[in-house]
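Throughout, read-outs are computed from the coordinates displayed, never taken from laboratory work. Worth saying up front: this structure is predicted, and the values here are computed from it rather than measured. Methodologically, a virtual Cβ is constructed for each residue, glycine included, from the backbone with ideal geometry; neighbour enumeration extends over all protein chains shown.
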Amino acid sequence: MHITQVMWQRQEPVGEPRRVATFHPSQGASFQEPKRMKFMAAKLGAELRDASLVVQALHAEDEGNYTCMFVTFPQGSATAGTRLHVLAQPQNQAKALEVTLSLQPLPLARCVSIGGRPPAHISWSSHVGGEANNSWVPGPLPGTVTVTSLFTLVPSSQVDGENITCRVEHESFREPTLLPVTLAVQYPPEVSISGYSDNWYIGLSEATLNCDVRSNPKPTVYNWRMATGPLPPCAVARGHQLLFRNVNESMNATFICSVTSAIGTGQAEQTILVRAQKQSHPLLSLGVIALICLIVLAVGVAVSSWVWKKFCQRSKTTSTNESCELPSGMFRSAENFC
């Protein structure tokens, strides 16, 4: 068999196949695009058995069905086909979109997959709910697609700081690409006061109220006051803390902590009741009573045992058959005492 020529053709969307490369044993190679194509093994003067074609710097237009044809003498032509599937690996990025409180759903995060072929698939992983709104536009290179996914949710202070994940899947990835995002929602200060134990008494020293705040952005100003006017002399405000050097009757009042940030103000109130003396803990009192009962019970049993033992010793001098077991009534008498 004599091989007279090798030819590669690509099937066009419309019309006849287009010849893209030819190799002749005596005339050499010719290509549709010489700068991007070459034969891997075919050489002048060598036996023509390998017609593998190299296509460099792939374009989206290179994708299609290709046919390799060996022209032989005297047997005629033999063909084989394959499909060239052109991929473009996308570049991915994700970030949070800072928003303020709203009653309507807003985009809180954006995930973008740039220049993929075929288009990448984007999804979100979240335990706070939310929906994904995806859109597609042409990518930077012909035949590529850029996918944008917006994570949409009603913004609230509970959502601020939560972590979600953008998941990008593409044929060119061995594994999906995971992009973490921390949500950011701006909201005015949410204030509460801690530190009061409902057992402040006259003479207590170094009592403290704490102004606890959740806020985005961070608070800039703390302001302590009483509902009826300025702070008493014994109170010292130090940022988020209000210190009382000595607790007295002047502190029987409602204290207010106001917190201001760049976008708003919030406040909380705490009413203080100063007792005349320190109150004992109810559970501690019950424990003391229970301990006393146990002691009385133990003493009663011991005394009863001692008395009965003496009685038995006297009884044995007159009769050896009498039982000296301790009556259960003696135990009940001690139990009834408690």
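Output the relative contact order of region 91-183, whole-number percent, from Cα pairs under 8 angstrom with separation of 6+ residues.
Details: 226 pairs, mean separation 31.7, N = 93.
Over region 91-183, the number comes to 34 percent.
Measure off 7 Å from each Cα along the Cα-to-Cβ vector at residue 202 and residue 40, then give the distance between these two points in nanometres to one decimal.
Calculated label separation equals 9.9 nm.
Give me the extension gain from residue 61 to residue 190: residue separation times 0.36 nm, minus the current Cα-Cα distance, reported in nm with one decimal.
Numbers: separation 129, 0.36 × 129 = 46.44 nm, distance 5.80 nm.
Working it through step by step, the gained length comes to 40.6 nm.
Using a basic spin-label model with each label point 7 Å from the Cα along Cα→Cβ, how many nm lie between residue 269 and residue 86?
Label at residue 269, label at residue 86, 7.2 nm between them.
Which order do the peptides 155-168, 173-186 come out in when sorted by mean C-beta neighbours inside 10 angstrom, highest first?
Details: 155-168: 18.0, 173-186: 15.1.
So the peptides 155-168, 173-186, ranked by packing, come out 155-168, 173-186.
Could you please report the charge total around residue 65, scoring K, R as +1 and D, E as -1 over all other residues with beta-carbon less than 11 angstrom from its beta-carbon? If you can, show how the numbers build up before the last one.
Values: positive: 10, 83; negative: 12, 63.
Every neighbour counted, the sum reads 0.
Tell me, what is the FRET efficiency for residue 123 and residue 78 to the nearest 0.05, using R0 = 45 angstrom and their Cβ-Cβ distance as r?
It comes to 0.45.
Calculated FRET efficiency, residue 131 and residue 18, Cβ-Cβ r, R0 35 Å, to nearest 0.05?
Values: r = 46 Å, r/R0 = 1.31.
Using R0 = 35 Å, I get an efficiency of 0.15.
Multiplying the sequence separation of residue 47 and residue 294 by 0.36 nm and subtracting their Cα-Cα distance, what value in nm do you get? Provide the component values of the computation, followed by the final result.
Details: separation 247, 0.36 × 247 = 88.92 nm, distance 10.99 nm.
Between residue 47 and residue 294, full extension yields 77.9 nm more.
Taking 0.36 nm per residue of sequence separation and subtracting the Cα-Cα distance, how much length would be gained by fully extending the chain between residue 169 and residue 249, in nm to one decimal? Provide the component values of the computation, followed by the final result.
Numbers: separation 80, 0.36 × 80 = 28.80 nm, distance 6.80 nm.
Once the chain is fully extended between residue 169 and residue 249, it gains 22.0 nm.
Please label the shape of region 2-84 as rounded, prolate or oblate, based on the square roots a ≥ b ≥ c of the eigenvalues of the alpha-carbon gyration tensor (a/c under 1.5 means rounded; beyond that, a/b larger than b/c means prolate, else oblate).
Numbers: a/c = 2.20, a/b = 1.38, b/c = 1.59.
Oblate, because a/c is 1.5 or more while a/b does not exceed b/c.
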